[in-house]
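Novice: One structure follows; several queries about it will come next.
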Amino acid sequence: MLYYALKRLLGALPTLFLLLTLAFFMMRLAPGGPFDSEKSLPPEIQANLDRKYHLDEPLPAQYLRYLGDLLRGDLGPSFQYQDYTVNELIAAGFPVSARLGLLAMALAVVLGVALGTLAALHQNRPADHAVMTLAMTGISIPNFVLAPLLILLFAVHLGWLPAGGWNGSRWQNLVLPVIALALPLVAYIARLTRGSMIEVLRAPFIRTARAKGLPEHTLILRHALKPALLPVVSFLGPATAAILTGSVVVEQIFGIPGLGRHFVQGALNRDYTLVMGVVIFYGALIILFNFIVDLLYAVLDPRVRYR
Amino acid sequence: MALLEVRDLEIRFHTDDGEVRAVNGLSFRLERGETLGIVGESGSGKSQAVLGLMGLLADNGRLRGSVRFDGEELTRLPRNALARLRGRRIAMVFQDPLSALNPHLTVERQMTEVLTRHEGMGRRAARRRAIEMLEAVQVPDAARRIRRYPHEFSGGMRQRVVIAMALLCRPDLLIADEPTTALDVTVQAQVLRLLRDLQQRFHMSILLITHDLGVVAGLSDRVLVMYAGRACEEAGVRELFHHPRHPYTLGLLQSVPRLDTPAGEPLRAIPGSPPSLLQLPAGCAFAERCPRARPACRETPPAMREIAPGHHLACHLEPPP
């Protein structure tokens, strides 16, 4: 088991290396640079800036320098946020995004699995159609439509909750963004759960459980839920990594100081180090969560063994 | 009073293609301590008949007729009352022990839950009873192996586990649906012997569903032959094997491959295939394949009649074949 974990983590290194190399050169291929602006700077200042950030060196040299810094755990200074390093920006933004993401994910899993199971048990009956219609709607409405609608209803009309801001993560500020993040996930998880639950309920071992005279709730909770959750778990890996690193749209709309906005802002500003930092961080998280998913498989299915 | 008495059982499934008539007026009795073998090929309705009487039909299935178990009419029992009977007084053993056991739960969990459900036993007592039962079906090292998962058992051991699970509450009736089909031949013999011993020990009735005439011969007291959802012949096991009367039973017996036939001789089979259950013929369902069919056979379905003591036959031929 430990050997397996070690093997997996070492195996992830080439993937990460490939990712950061691609990101590095693609970023540099994009026209423009971090210090381009409407007014062109005097050549002396431009040269000074380039020297300070080593942008005057040939690209391979910059690449090697970046790799060296990375090995020491240093993601470099941000080009845009003058006095901050990328490490600091991630350290400030990630907890905010992660708190939001974890809450949204927890809500989505609980609601999604419950609704999906409900739908599966009432297959092709009204309750099923209601849940699936809701799910289809949830999947089809994009965040940037849903979030303003939520604000309009709960903040503007009803005045129950603030329209945005963070306020040191008061719960009132969390409610709307968590809902906006969770709803599409609820829909997705409900559909996944319904599908696999219907399949599991047809399995011969469920018929055995019925033949043993077990009551329906034992049948579902003890016999059917575990196998039905396998596809949900494999969806949760990458989805959790994505939601923990923040949603660009939701954070922008609610004015939340998370990690998500750095993705877009950094790219628009050609903030090379920031984009690189966020990409590597996200990549590492995805790898980590896929690893966790594989471990969870072994918990859910005793036939799975790793060595 | 018979332990189980099934009368005019009809099972229909509503599908997109129309109504599938799986069982069409099946009647039989099973006495205490007796074994009735129900024989038929795939699609003859034998499995659906027993699933139906246990209340385990698929959602699109409808059942009519009467099923009296120990004097109680099962078809009128509310769902949860029937569930209380299942696993306690009527237990079932399925064809494929690997898929019949839940791969995600230990054998212990799957066994003890029967006892906690039906006998209100605590975990420890249930565990003790489960280990005893595993020993009774000759699973070696039961106390240790009970903590394992089904995939850690061999096919024969798995079927023993399934049988032990069915016997936990000492049922009056054991329904065995192709209990040996998924097993190696040598293991088949062991499991059959085990079933016979257990029946003596626990004095239960067995309803044995199979397409394997050898299995029937080894275990049953009486045999009922099914074709297209109807019984076509029923008799004591010796009588049926020595004096088969229905042309279908005859065909079945002649199709059994024998070791003493000369090499190179083709295997015998009944020509044609069973009728579609979506559209059953008006007359005898076997008429299309029957070598001796007469025009009358295609007009009305033959009724069951007693042609010798304990020997029932549904055939129009006169005198009976």
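Novice: Charges at C-beta only: +1 for Lys and Arg, -1 for Asp and Glu. How large is the resulting dipole of the protein assembly as shown about its Cα centre, in Debye rounded to 20?
Specialist: Charge dipole, the protein assembly as shown, about its Cα centre: 1580 debye, nearest 20.
Novice: Got a sec? How would B:265, A:216 order by Cβ neighbour count within 10 Å, fewest to most?
Specialist: B:265, A:216
Novice: Return the Rg/Rh value of region B:68-142, two decimal places, where both radii are evaluated on C-alpha atoms and Rh is the Kirkwood radius.
Specialist: Values: Rg = 14.4 Å, Rh = 14.1 Å.
Ratio of gyration radius to Kirkwood radius for region B:68-142: 1.02.
Novice: Let me ask another. Which cross-chain or sequence-distant (5 or more) residues have an amide H under 5 Å from the amide H of residue B:230, H modelled 1.01 Å from N in plane?
Specialist: Hits under the 5 Å cutoff: B:24.
Novice: Take the Cα atoms of region B:95-212, build their convex hull, and give its volume per residue in Å³.
Specialist: So the per-residue Cα hull volume is 95 Å³.
Novice: Note down the relative contact order for chain B as a percent, whole number, built from C-alpha pairs under 8 angstrom at least six residues apart.
Specialist: Relative contact order of chain B: 20 percent.
Novice: Please list the non-local residues whose amide H lies under 5 Å from the amide H of residue A:85, H modeled 1.01 Å from N, same-chain partners needing a gap of 5 or more.
Specialist: Those qualifying (amide H under 5 Å, at least 5 residues apart or on another chain) are A:78.
Novice: Report Rg/Rh for region A:134-176, rounded to two decimals, where Rg is the Cα radius of gyration and Rh the Kirkwood radius.
Specialist: 1.04
Novice: How much net charge surrounds residue A:265 when only other residues with a Cβ under 11 Å from its Cβ are counted (Lys, Arg +1; Asp, Glu -1)?
Specialist: For residues surrounding residue A:265, the net value is 0.
Novice: Taking a temperature of 25 °C and a viscosity of 0.890 mPa s, what whole-number D in µm²/s does Stokes-Einstein yield for chain A with Rh from Kirkwood over alpha carbon pairs?
Specialist: D = 110 µm²/s.
Novice: Quick check on chain A: helices-only [θ] at 222 nm, where DSSP H runs of length 4 and up contribute -39,500 (n - 2.57) each and the sum goes over total residues. Nearest 500, please.
Specialist: Using -39500 (n - 2.57) per qualifying helix, the result is -23500 deg cm²/dmol.
Novice: Additional query: Using the Karplus equation 6.51 cos²θ - 1.76 cosθ + 1.60 (θ = phi - 60°), what ³J(HN,Hα) coupling, rounded to whole Hz, does each residue of region A:56-73 give in order, writing x for Gly and Pro?
Specialist: The phi angles translate into 7, 6, x, 4, x, 5, 4, 4, 5, 4, 5, 4, x, 4, 4, 4, 8, x Hz.
Novice: I've got another one for you. First select every other residue whose beta carbon is under 10 angstrom from the beta carbon of residue B:278; then total the charges, Lys and Arg +1, Asp and Glu -1.
Specialist: -1
Novice: Here is a follow-up. How big is the antiparallel share of DSSP beta bridges in chain B, given as a percent to the nearest 5?
Specialist: 60 percent
Novice: Taking the Cα-to-Cβ direction at residue A:99 and at residue B:64 and moving 7 Å from each Cα, how far apart do the two end points lie in nm?
Specialist: Between residue A:99 and residue B:64, the label points sit 6.7 nm apart.
Novice: Give the order of B:133, B:204 when sorted by the count of other beta carbons within 10 angstrom, beginning with the fewest.
Specialist: If I rank by nearby Cβ atoms, fewest first, I get B:204, B:133.
Novice: If you take each beta carbon of peptide B:150-159 and count the beta carbons of other chains within 10 angstrom, what is the mean?
Specialist: Other-chain Cβ atoms within 10 Å of each residue's Cβ, averaged: 1.
Novice: On to the next question. What does the average come to when, for each residue of peptide A:220-230, you count the partner chain Cβ atoms lying within 10 Å of its Cβ?
Specialist: Neighbouring Cβ atoms belonging to other protein chains average 2 per residue here.
Novice: While we're on this one: In nm, to one decimal, how far is the residue A:265 label point from the residue B:306 one, both placed 7 Å along Cα→Cβ?
Specialist: Going by the 7 Å Cα→Cβ label model, 9.4 nm.
Novice: Expressed in whole Å with the largest first, what are the equivalent ellipsoid semi-axes of the protein assembly as shown derived from the C-alpha gyration tensor as the square root of 5 times each eigenvalue?
Specialist: 68, 26, 24
Novice: Continuing with the same structure: Charges only on Cβ, +1 for Lys and Arg, -1 for Asp and Glu: so what's the dipole of region A:98-258 about the Cα centre, in debye to the nearest 20?
Specialist: Values: 11 positive and 4 negative charges, 119 e Å.
So the magnitude is around 580 debye.
Novice: Determine, for each peptide in A:61-71, A:2-12, the mean count of other beta carbons within 10 angstrom over its residues, then list the peptides with the highest first. Show your work: numbers first, answer last.
Specialist: Numbers: A:61-71: 13.5, A:2-12: 11.8.
Those peptides, ordered most packed to least, come out A:61-71, A:2-12.
Novice: For region B:96-166 and region A:149-216, compute the distance between their C-alpha centroids and round to whole Å.
Specialist: If we compute the Cα centre of each part, the gap is 37 Å.
Novice: Points 7 angstrom from Cα along the Cβ direction at residue B:73 and residue B:203: gap in nanometres?
Specialist: For residue B:73 paired with residue B:203, the spin-label model returns 3.0 nm.
Novice: Sort A:131, A:304 so that the residue with the fewest other Cβ atoms within 10 Å of its own Cβ comes first and the one with the most comes last.
Specialist: Numbers: A:131 22, A:304 13.
Ordered by Cβ neighbours within 10 Å, fewest first: A:304, A:131.
Novice: What are the residues whose amide H is under 5 Å from the amide H of residue B:206, where those residues sit 5 or more places off or on another chain and H is modelled from the backbone?
Specialist: B:34, B:35, B:36, B:174
Novice: Oh, and also: For region B:251-321 and region A:12-27, what is the separation of their Cα centres, given in Å?
Specialist: 73 Å
Novice: Hey, which aspartates and glutamates would be in cross-link range of residue A:52, C-alpha to C-alpha under 16 Å, not counting anything within fewer than 8 residues on its own chain?
Specialist: Partners found: A:36, A:44, A:69, A:83, A:271.
Novice: A further question follows. I'd like to know how chain B sits against the 2.2 N^0.38 Å rule of thumb: what's its Cα Rg over that expected value? Please list the in-between numbers first.
Specialist: Details: Rg = 20.6 Å, N = 321, 2.2 N^0.38 = 19.7 Å.
Ratio of Cα Rg to 2.2 N^0.38 Å: 1.04.
Taken together, the values in this text are just the output of simple stated rules run on the coordinates, not laboratory data. Given the structure is predicted, the values throughout are model-derived calculations rather than measurements. With ideal geometry, Cβ positions are generated from the backbone for all residues, glycine too; neighbour counts draw on all protein chains shown.
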